[in-house]
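As structure tokens, the structure follows; a few thoughts come after it.
A short reminder: the numbers here are calculations on the coordinates, not readings from a lab. In this text the structure is predicted, and so the values were computed from the model without any measurement. In this analysis, Cβ positions are derived from the backbone assuming ideal geometry, glycine residues included, and neighbour counts consider all displayed protein chains.
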Amino acid sequence: MTQKFTLDVNGKTHAVDADPDMPLLYALKNDIGLNNPQFGCGLAQCGACTVHMDGQPVRSCITPMSAVGNAKVVTLSGLGTPEKPHPLQTAYVEEQVTQCGYCINGWIMTAAAFLRDKKNPSEAEIKAALEGLKCRCGTHMNILRAVKRAATMMG
Amino acid sequence: MTKQDKPHTFSRRAVLAGTGAFVVSVGAPISLGTVLGMKSAFAQGVKPPLVPEQLSSYIAVGNDGAVSAFFGKMDMGQGLYVSIGQIVAEELDVPFKAVTVFMADTRTSVNQGGASGSTGIQTGGRQMRMAAAEARRVLVEMAAEKLSLPADQLTVTDGVVHAKADASKKASYAELIGGRYFNVQLEWNQQIGNALYAPGKAKPKDVKDYKIVGQPIKRSDIAPRAFATEPFVTDIKVPGMIHARVIRPPVAGATPVSIDEGSLKDIPGARVVREGNFLAVVADKEWDAVKAHDKLRVQWSNAAPPFPSQEALYDHIRKAPVRKAADEKPVGNVAEAFRNAARVIEAEYEWPFQSHACMGPACAVVEIKDGHVTCYTGSQKPHFVRDGLARTLGVPPASVDGIWVVGPGSYGRNDADDCAHDAAVVAKLTGKPVRLQYTREQGTGWDPKGPASIHKARAALDASNKVTAYEFVSKGFSRIDVQTNGSQPQDTLAGHFRGVPLRVNDNFGVPAESYVFDNKRTAWETIAQFLERGSPLRGAHLRDPVGPQIHFASESFMDEVAHAIGADPVEFRLRYLRDPRDHAVIKAAAEKAGWKTRTSPQRQTGNTVSGRGIAYSQRNGTTCAIVAEVDIDRRSGKIWARKFTVAHDCGLIVNPDGLKHTIEGNIIQGISRTLWEEVKFDNKSVTSVDWLTYPILDMTEAPETIDCVYINRPDRAPTGAGEPSIRPVAAAIANAVFDATGVRMRRVPFSPDRVKGALS
């Protein structure tokens with residue numbers, strides 16, 4: 001049986017009629033119509049579906065609608081815009097990070113929360129913070145350069 | 001259409017004026033307006049047909065002078081389209097920003113092969129260069145007529161043709177042709193795909209005059225990804241679209257006997273779609289399709305489990321009858337040389353099945369409306385997908401559009417082509433537009449696999465340690481159990497499950513190198529699949545098809561021979577390699593890495609030991625050498641591939657920035673495949689079905705440094721970079737492990753357990 005949910009996504013509210021056990025990802029993509037995040041595994045193993053809930057990165061592919069509540073959900077497109085980019089988005093463009101780009105939600109949303117809480121991280125700390133995220137194209141060196149650049153910008 | 005001697009434009013019925021039917025916008029991705037404009041132009045008879053021998057199939061100039069390049073290959077994320085834009089801008093003498101490259105859309109481009117064999121620049125760029133040069137020639141001739149000046153007294157600056165002696169005598173491209181299509185016939189070689197070549201009469205620019213080619217121009221498609229402003233193929237939605245999930249058998253080869261549709265009764269709108277043994281569920285909402293996939297109860301036939309145990313894989317390959325064999329480039333009398341040898345060095349290497357394991361499982365959207373099929377696909381060969389869907393659906397290719405939209409990676413013949421066909425079958429059976437995305441389990445478990453293989457190498461030495469003979473034989477599953485594109489239903493799972501007749505395709509490969517020995521034989525042998533129809537282990541192209549496995553073996557073996565005769569691995573290679581470009585990359589990599597001449601292994605104590613190794617290979621005109629430096633924790637067996645030094649020669653470098661990113665991606669993916677990747681299976685099916693059961697390289701394992709030496713050879717036409725540098729990675733790591741430990745790893749992957757076992 002479906003229930004009515006009110007989601008706060010990127011500063012706007014949306015009414016969504018959905019199964020309580022439906023993962024948030026499907027509401028974001030299909031009911032709200034966002035181009036992001038992405039379905040990678042449905043198992044919280046890759047990060048492609050990462051969004052912020054009240055500032056914390058969560059895997060929307062396993063987060064049921066019933067667990068979202070009043071949380072403020074922010075997706076990659078809500079993190080910044082071409083006019084007002086998040087430093088990580090700027091750094092991604094500057095460092096030319098992505099290849100296919102399908103993994104981008106995981107890396108940026110995870111790194112954004114990390115860099116907000118941790119100033120001037122070491123390379124080892126950055127790598128540890130990003131552990132478990134997947135990138136199949138092998139842009140790891142680029143990602144590290146971009147996160148370091150963003151860390152400097154957010155100094 | 002007759003061959004045109006005088007350049008002119010296609011204007012049988014109408015000349016487009018003002019903001020006419022063909023409008024291009026600078027820097028924009030392909031827009032609906034452009035395509036509709038093209039369609040209406042076709043309909044009005046103002047555009048020549050989209051055929052390989054027409055200049056308008058590659059180049060158009062808009063009213064504002066903006067140039068559109070229609071490219072029948074595509075960029076899988078390495079910035080190829082930037083290089084193509086540079087090549088076109090260079091030949092046309094327009095600013096780079098004036099060119100927009102439209103890719104991989106059957107509505108706008110001819111079949112140049114899609115992404116294939118690292119030929120994006122090598123053959124795709126060659127054609128675009130010749131087309132752009134011809135367009136420039138035609139435009140200069142048009143200006144000559146308009147200005148009443150001989151063409152040889154004219155030149156072009158930023159899209160304006162003007163007299164060399166008097167720049168005020170001028171005509172811009174926009175004035176000459178803006179908004180109208182070229183109607184210029186090219187000399188087509190009658191090939192499609194990678195081999196398509198259709199030059200005009202123009203002689204392209206001399207490389208010494210290049211201003212745009214060679215520049216590190218950045219990609220403009222990163223920002224749309226970073227801000228999520230453009231859709232992936234997974235984001236495509238069409239009105240009335242329903243969602244599908246396919247159902248795969250739990251035992252490979254099993255077929256559905258009965259289906260309990262009642263198991264879906266609680267899921268709104270969910271229903272079963274079946275044709276032959278092809279089985280899917282659909283629902284209006286995606287989550288309902290996911291639930292239906294999980295809940296559908298199917299009774300499957302009692303198929304005999306088709307696979308041996310994982311442990312028996314290499315023995316199976318060793319013992320299996322050879323289905324096809326090929327000797328390539330035999331030199332001298334190998335058998336006799338081995339009979340006369342003072343010493344023989346032998347080794348055998350093993351490489352597992354590997355998965356494309358794309359970042360997301362494949363997705364496709366297919367709409368069949370009024371007899372016309374539109375397919376949005378992440379496939380790297382959308383023109384072939386068009387041809388395949390036409391066959392699967394029984395309609396003419398002209399009734400199908402294959403439109404590439406960026407998807408979750410590719411790296412060869414991945415699951416995207418299967419997904420497009422599956423979606424088409426469901427669309428046909430339901431009469432509705434269908435979006436199908438595979439599950440993660442299907443993405444990793446059921447994609448076509450890079451084939452498993454064994455490789456036997458031996459070398460004959462004389463009393464003075466000279467290598468007198470070398471023999472290298474690969475034996476494994478075919479790399480083309482399913483072909484490299486989706487143009488034939490028998491190469492797709494939908495075809496397999498729907499019962500289309502199959503065919504056998506065999507191919508493997510031999511090392512690509514320039515070692516010269518008096519007697520030399522390189523050969524391959526292929527064996528039958530475990531299961532011919534609907535196998536999750538069917539072999540297909542995975543980035544640098546069979547290159548990593550062959551050169552893991554051949555370049556590990558060269559190190560083994562060097563060790564056996566007490567030679568430094570770099571010195572040994574230089575002693576026997578013939579091609580000066582091969583010498584150049586090896587010397588460049590060794591020098592940049594600070595290679596000290598000595599033999600391997602080092603004698604080290606302590607828990608963490610370090611080593612260095614070199615490997616090299618050629619690939620279709622490109623040559624690449626890699627020095628790997630690794631640290632190994634003896635207690636855990638864990639390898640950190642810490643530093644790579646890559647020397648890379650792909651002829652003329654078109655865009656050094658794109659080359660750098662391309663090489664880095666190759667190295668990382670190569671490390672991943674060497675250290676971690678192995679498709680696991682039991683006797684029923686593949687058991688590598690997610691990132692836990694098919695691990696890849698983690699960020700915490702990324703190298704500290706990837707140094708590159710780019711050898712630019714402006715005198716040589718550009719060759720590929722998309723795959724050559726993944727090729728020697730495994731051997732470079734294996735050779736470094738040997739240098740560090742004295743232990744030779746002959747089976748990939750070098751997982752910690754396996755390394756620990758080898759060290760103990």
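For a straight C-alpha distance cut-off of 12 angstrom, the aspartates and glutamates reachable from B:Lys164 (same-chain residues fewer than eight places away being disregarded) are B:Asp152.
In chain B, what % of DSSP beta bridges are antiparallel (nearest 5)?
On the way: 89 of 119 bridges.
Beta bridges within chain B, antiparallel portion: roughly 75 percent.
Put in order of Cβ neighbour count within 10 Å, fewest first, the listed residues B:Asp753, B:Asp206 become B:Asp206, B:Asp753. For the protein assembly as shown, the share of DSSP beta bridges that are antiparallel, to the nearest 5, is 75%.
The share of C-alpha pairs in the range B:301-398 whose separation exceeds 16 Å stands at 79 percent. The simple Förster model, with R0 at 25 Å and r as the Cβ-Cβ distance, assigns B:Leu759 and B:His316 a FRET efficiency of 0.35.
Using only C-alpha positions, report the orientation-averaged shadow area of the convex hull of the range B:647-760, nm², one decimal. Averaging across all directions leaves 9.4 nm² for the Cα convex hull.
Could you estimate the translational diffusion coefficient of the range B:188-265 from the Stokes-Einstein equation, with Rh from the Kirkwood formula over C-alpha pairs, at 20 °C and 1.002 mPa s, in whole µm²/s? Let's see the in-between values first.
Numbers: Rh = 20.4 Å.
D, rounded to a whole number, is 105 µm²/s.
Along the axis of the charge dipole computed for the range B:432-538 (Cβ charges of +1 for Lys and Arg, -1 for Asp and Glu, origin at the Cα centre), the listed residues B:Ala460, B:Leu436, B:Gln529 are led at the positive end by B:Leu436. In this structure, the residue pairs whose Cα-Cα separation is over 22 Å, taken from B:Lys237/B:Lys295; B:Lys237/B:Lys369; B:Lys475/B:Lys756; A:Lys84/A:Lys134; B:Lys237/B:Lys428; A:Lys134/B:Lys285, are B:Lys237/B:Lys295; B:Lys475/B:Lys756; A:Lys84/A:Lys134; A:Lys134/B:Lys285.
Starting from the Kirkwood radius over alpha-carbon pairs of chain A, derive D by Stokes-Einstein at 20 °C in a medium of 1.002 mPa s and give it in µm² s⁻¹. Intermediate results must be reported in sequence, preceding the final value.
On the way: Rh = 15.7 Å.
D = 136 µm²/s.
With unit charges on the beta carbon (Lys/Arg positive, Asp/Glu negative), name the residue among A:Asn142, A:Leu24, A:Thr98 whose Cα is farthest towards the positive pole of the charge dipole of chain A. In chain A, that residue is A:Asn142. Overall shape: rounded for the protein assembly as shown, with the ratio a/c of the largest to smallest alpha carbon gyration tensor axis below 1.5.
Looking at this model, which pairs from B:Lys170/B:Lys218; A:Lys12/B:Lys265; B:Lys47/B:Lys205 are more than 30 angstrom apart at the alpha-carbon? Walk me through the numbers before you get to the answer.
On the way: B:Lys170/B:Lys218 32 Å; A:Lys12/B:Lys265 35 Å; B:Lys47/B:Lys205 28 Å.
Long pairs (Cα-Cα over 30 Å): B:Lys170/B:Lys218; A:Lys12/B:Lys265.
Working note: Cα gyration tensor of the range A:3-79, eigenvalues times five, square-rooted, sorted largest first, giving semi-axes of 16, 14, 11 Å.
List B:Val257, A:Val68, B:Val482 from most exposed to least, where exposure is judged by having the fewest other Cβ atoms within 10 Å. Display every interim value, and only then the final one.
Values: B:Val257 10, A:Val68 24, B:Val482 27.
In increasing order of surrounding Cβ atoms, one gets B:Val257, A:Val68, B:Val482.
Other protein chain C-beta atoms within 10 Å of residue C-beta, averaged over A:31-43: 6. Of the cross-linked pairs A:Lys29/B:Lys291; B:Lys456/B:Lys587; B:Lys319/B:Lys520; B:Lys211/B:Lys587, those separated by over 21 Å at the C-alpha level are B:Lys456/B:Lys587; B:Lys319/B:Lys520; B:Lys211/B:Lys587. Distance between the C-alpha centers of the range B:549-605 and the range B:112-179? Whole Å please. About 48 Å separates the Cα centre of the range B:549-605 from the one of the range B:112-179. Based on DSSP H segments of at least four residues, each scored -39500 (n - 2.57), the protein assembly as shown has a per-residue ellipticity at 222 nm of -8000 deg cm²/dmol.
Counting only Cβ charges, +1 for Lys and Arg and -1 for Asp and Glu, the dipole size of the range A:87-154 around its Cα centre is about 20 debye.
Provide the packing ranking of B:526-539, A:108-121, i.e. peptides ordered by the mean count of other C-beta atoms within 10 Å per residue, highest first. Intermediate results must be reported in sequence, preceding the final value.
Values: B:526-539: 22.1, A:108-121: 18.9.
Output ranking for B:526-539, A:108-121: B:526-539, A:108-121.
Taken as Cα centroids, the range B:517-544 and the range B:224-264 sit 31 Å apart, rounded to the nearest whole angstrom. Annotation: the residues B:Val686, B:Val156, sorted from fewest to most other C-beta atoms within 10 Å of their own C-beta, follow the order B:Val156, B:Val686. Roughly speaking, what is the centre-to-centre gap between the range B:699-714 and the range B:287-321 when only Cα atoms are used, to the nearest Å? So the separation of the two Cα centres works out to 40 Å.
I'm checking a number: the convex hull volume of the Cα atoms of the range B:145-214, normalised per residue, in Å³. What is it?
On the way: hull volume 10.9 nm³, N = 70.
With only Cα atoms used, the range B:145-214 gives 155 Å³ per residue.
Provide, for q = 0.23, 0.26 Å⁻¹, the log10 of I(q)/I(0) from a solvent-free Debye sum over equal Cα point scatterers in the range B:60-137. Values returned for q = 0.23, 0.26 Å⁻¹ are -1.03, -1.29.
Derived value for the range B:615-714: Kirkwood hydrodynamic radius 15.5 Å. Basis is the mean of 1/r over every pair of different alpha-carbon atoms. Note on chain B: the C-alpha convex hull projects to 34.7 nm² when averaged across all orientations. For the range B:112-180, the Kirkwood hydrodynamic radius comes to 13.3 Å, computed from all pairs of different C-alpha atoms.
Inter-chain Cβ neighbour count for B:692-703, averaged per residue, equals 5 (cutoff 10 Å, partner chain atoms only). Across the options A:Gln56, B:Ile614, B:Val238, the greatest Cα extent toward the positive end of the charge dipole of the protein assembly as shown (unit charges at beta carbon of Lys, Arg, Asp, Glu) belongs to B:Ile614. For B:Gly65, neighbours were defined as the other residues whose beta-carbon sits under 15 Å from its Cβ, and their charges (Lys and Arg +1, Asp and Glu -1) total 0. Stretched out straight at 0.36 nm per residue, the stretch from B:Arg642 to B:Thr597 would grow longer than its current Cα-Cα span by 14.2 nm.
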